[in-house]
Every structure is written in C-alpha cells, then in structure tokens.
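Accompanying notes for the structure given below.
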Amino acid sequence: MHAENRRIVALAGGVGGAKLADGLAHHCRTNLTIIGNVADDLELWGLRICPDLDTVMYTLVGLANPKTGWGVQDDSFAMLDMLATYGENIWFKLGDKDTATHILRTYWLRQGMRLTEVTQRLSRALGIEATLLPVTDDDVRTIVQTDEGELDFQTYFVARKCEPVLESVHFRGIERATLTPEVKAAIEEASLVVICPSNPFVSIDPILAVENLRARLWAQAVPIVAVSPIIGGEAVKGPAAKMFRELGQTPSALAVAHHYAGLISHFVLDERDADQRDAIEALGVHVVVTDTLMQTAEDRRRLAQEILEHLEYV
Ligand code: GDP
C-alpha cells in the first residue's frame, strides 16, 4: 500500500512535532491529519493564542522563523514595542504578522465558530493541504507544579525559561474536555498513527489525555509509531531532558519508549542511540534505527519517508 492510499494521523506539539508533520505532509498531502496540542494555549490582551497549532501551521506553509522554529519568519515587533510604551509587560513575543492570526482567531471564536473550524479556515487560507485539528474545542491548560509553586505553562516555559524544578504536571479542564467529532473520525479512519518527536509530558500527554484518547488509539489496532525527541540523552531543543531528570528518570530514548509502552507498536530510535535497541525491543516494540535529527527540509522528508516505507512492510 502506498502513502497516497493511507489515512495517516500525526500527533504533534510545537517545533519538533511540526518538523516531522511537515515531512509527512510532503508525502501524504491531503491524506494526513495532524492532531495538535491546545494545553499550552493562552490569552493575552484578549487574544486567543495557540502556540502549538500555529507552529505546525507556519511550519507546513514555510512561514516559520527558521531560527526559533516558532513565530513568523522576518516578522516585526512594532505592536509589542507600542504595548511596552504603554507600560505593558511584553514577556511573550508576539510578532506583527503572527498577531494577525490571533486577531482573526479571536474574532471568529467570538462569532461562535469552534476552534476546529477556525483552525481549518486559517490553515486552508494559507494553502495547507493536510488537515490540522485541535484535539479538543474545550479549554485545557497545562499547569506545572514546581519548587516555586504552581505555574501555568507559558509562565514556566517562556517567562521563567523552565528554570523552576518540575514536580508534576496536570491538565486543568481535562476531565470535562471532549474530543471533537473530526478527531474521532480521523482516529477511526486512520491506518497509521505517528507520534511526532514532541515533548512527551507537555505536548503529547495533553493530547492523549483528552477523553482517554490513548485508550481509543490503542483500541484501533493500527500501527502506532513514536519518534524519540531525545537523542544521545538530551533534547534537541527545550526542556524534555530536564523534565525527565526532575521527574526522577534518566533522559533517554528508552525512557521515552517506556513512557509510550502499552500504546505504541513501533519506535523510531536515533542511530546515535542504537545501543538501546534491545532494551526497547524488550518492551514488545518494533524498533527502527535511523538518523532522526531534522536540520533541513530534506531531513524531514527523508525521516517521514523512512517511517512510511518501514510501516508498509510490517
Ligand atoms: P515545543 O512545544 O516547541 O517544545 O515543541 P515539541 O513539544 O513539538 O518538541 C520539543 C521536542 O522535540 C524536544 O524534546 C526536542 O528534543 C524534540 N526535537 C526537536 N527537533 C527535533 C529533531 O530534529 N529530531 C528529533 N528526534 N527530535 C527533535
């Protein structure tokens, strides 16, 4: 079976997830549905900001800032400067072009559209062929318990630069949040699920926790492949390795595989970590060893291609 004939579902957080989603989108085009995280969303000056959905959207359309991975390339910050002139605390960087997205999203939400519809309109207008879906239209927010007390995710991540020591993570509103009909349909039609290399604790877990999506995916009995966001014991970017350590685990691909054990059928291990292959296979998971570092557009496509090719023959 070829990639064109399969319905592929990818779970993605921000920068790491978006890169593989982009590679998959290149091969699967309209057959790809990306389910995104909304638990790191925030409201600033009355605007609804969805950092992970926007990172995926900008990455897929080639608009993402290549230096940061988030935000819009060559954006200006005149609006933020003016807010600072008014004495506002501008801890969260909002570029002028990026803010157009937040203005429109907020406007459409206030008109009564669901976040799913808003995300579709934004991504279609940018020319994205894949379907990008928030996992839920409900409000779910990541709250981290740290040695400095409870912090909302963006305060911890952006304002405090992940410095406080993490003790636990919970998702406010998760009990009441429901999967959208679009997400349920995508899961039912999926022939392959890819868990992109995103932060397991704050990007993928809040997706899997909505209406116990983890159990629903498992019940689908289709291949579920996770790509390790940890290479050589470190995160490529961001706090994933620090989080593993602070939660009492040695950061490694094996620790990631343990995190998803019982859900995944396949695990993509970076070639630098090939010595962990046997330990991961002992968890009952097929292991694919390859170069998982995506520095160029070509790397994203090659990794996506390898995953798709491998899964066709198992
Ligand atoms: P964030 O919300 O921007 O932090 O993005 P994600 O949760 O999607 O991704 C963060 C994770 O992606 C980090 O743990 C990184 O180590 C991982 N990551 C980023 N780039 C790459 C890459 O090129 N290859 C792999 N394997 N992981 C990556």
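The values are calculated or read from the model by the stated rules, or taken from the named source; none is laboratory data. Fair warning: this is a prediction, and the values are worked out from it, not measured in the lab. Note that we place each Cβ from the backbone using ideal geometry, even for glycine, and neighbour counts take in every protein chain shown. Just the protein is used for accessible areas: all its heavy atoms, side chains included, with ligands, DNA and RNA removed. Shrake-Rupley method; radii C 1.70, N 1.55, O 1.52, S 1.80 Å.
Picking from residues in the stretch 94-111 that are part of a helix (DSSP H, G or I) and open to solvent by 40 Å² or more (accessible area, probe 1.4 Å), the one that is nearest to A84 (Cα to Cα) is D96. For E167, state whether it is closer than 30 Å to R245 by Cβ and either touching a Gly at 6+ places or on another chain (Cβ under 8 Å) or free of Cβ contacts under 8 Å to residues at least 40 places away in the same chain (or both). Answer is no for this residue.
Restricting the first member to the stretch 262-284 and to residues that are free of Cβ contacts under 8 Å to residues at least 60 places away in the same chain and open to solvent by 50 Å² or more (accessible area, probe 1.4 Å), and the second to residues that are part of a strand (DSSP E or B) and within 16 Å of the ligand (Cβ to nearest atom), the beta-carbon pairs closer than 7 Å and six or more apart or on different chains are E271/V289; E271/T290; R272/I231; R277/L269; R277/V287; R277/V289; E281/V287.
Looking only at residues that are open to solvent by 10 Å² or more (accessible area, probe 1.4 Å) and in a helix (DSSP H, G or I) in the stretch 232-247, which one is nearest to the ligand (Cβ to nearest atom)? So that I can check it myself, show each step before the final result.
Initial filter on the stretch 232-247 (open to solvent by 10 Å² or more (accessible area, probe 1.4 Å)): 232-239, 242, 245-247.
Among the residues that remain, those that are also in a helix (DSSP H, G or I) are: 242, 245-246.
Numbers: K242: 10, R245: 13, E246: 14 Å.
This residue is K242.
Within the set of pairs 6+ apart or on separate chains, which have a first residue in the stretch 94-114 that is under 15 Å from D74 (Cβ atoms), a second that is of a type in the set (A, V, I, L, M) and open to solvent by 40 Å² or more (accessible area, probe 1.4 Å), and C-beta atoms under 6 Å apart? If the second residue must be of a type in the set (A, V, I, L, M) and open to solvent by 40 Å² or more (accessible area, probe 1.4 Å), the pairs left are D96/A78; D96/M79; T99/M79. Within the stretch 127-147, identify whether any single residue is over 22 Å from the mean Cα position of the chain (by Cα) and closer than 28 Å to K237 by Cα, and answer yes or no. Among the residues of the stretch 127-147, at least one is over 22 Å from the mean Cα position of the chain (by Cα) and closer than 28 Å to K237 by Cα, which makes the answer yes. Annotation note: of G16, G23, G36, the sole residue that is in contact with a Gly (Cβ under 9 Å, 6 or more places away or on another chain) and farther than 22 Å from K97 by Cβ is G16.
If you take the residues of the stretch 285-296 that are aliphatic (A, V, I, L, M) and within 12 Å of the ligand (Cβ to nearest atom), which of them is most open to solvent (accessible area, probe 1.4 Å)?
The qualifying residue most open to solvent (accessible area, probe 1.4 Å) is L293.
With respect to the conditions (1) within 20 Å of the chain's Cα centre (by Cα); (2) of a type in the set (D, E); (3) under 20 Å from E246 (Cα atoms), E117 lacks only one, and its number is (3).
For the stretch 123-138, the criterion of being more than 16 Å from the ligand (Cβ to nearest atom), open to solvent by 10 Å² or more (accessible area, probe 1.4 Å) and free of Cβ contacts under 8 Å to residues at least 40 places away in the same chain is met by at least one residue.
For L80, the requirement of being under 21 Å from the mean Cα position of the chain (by Cα) and either surrounded by 16 or more Cβ atoms within 10 Å (Cβ to Cβ) or of a type in the set (S, T, N, Q) (or both) is not met.
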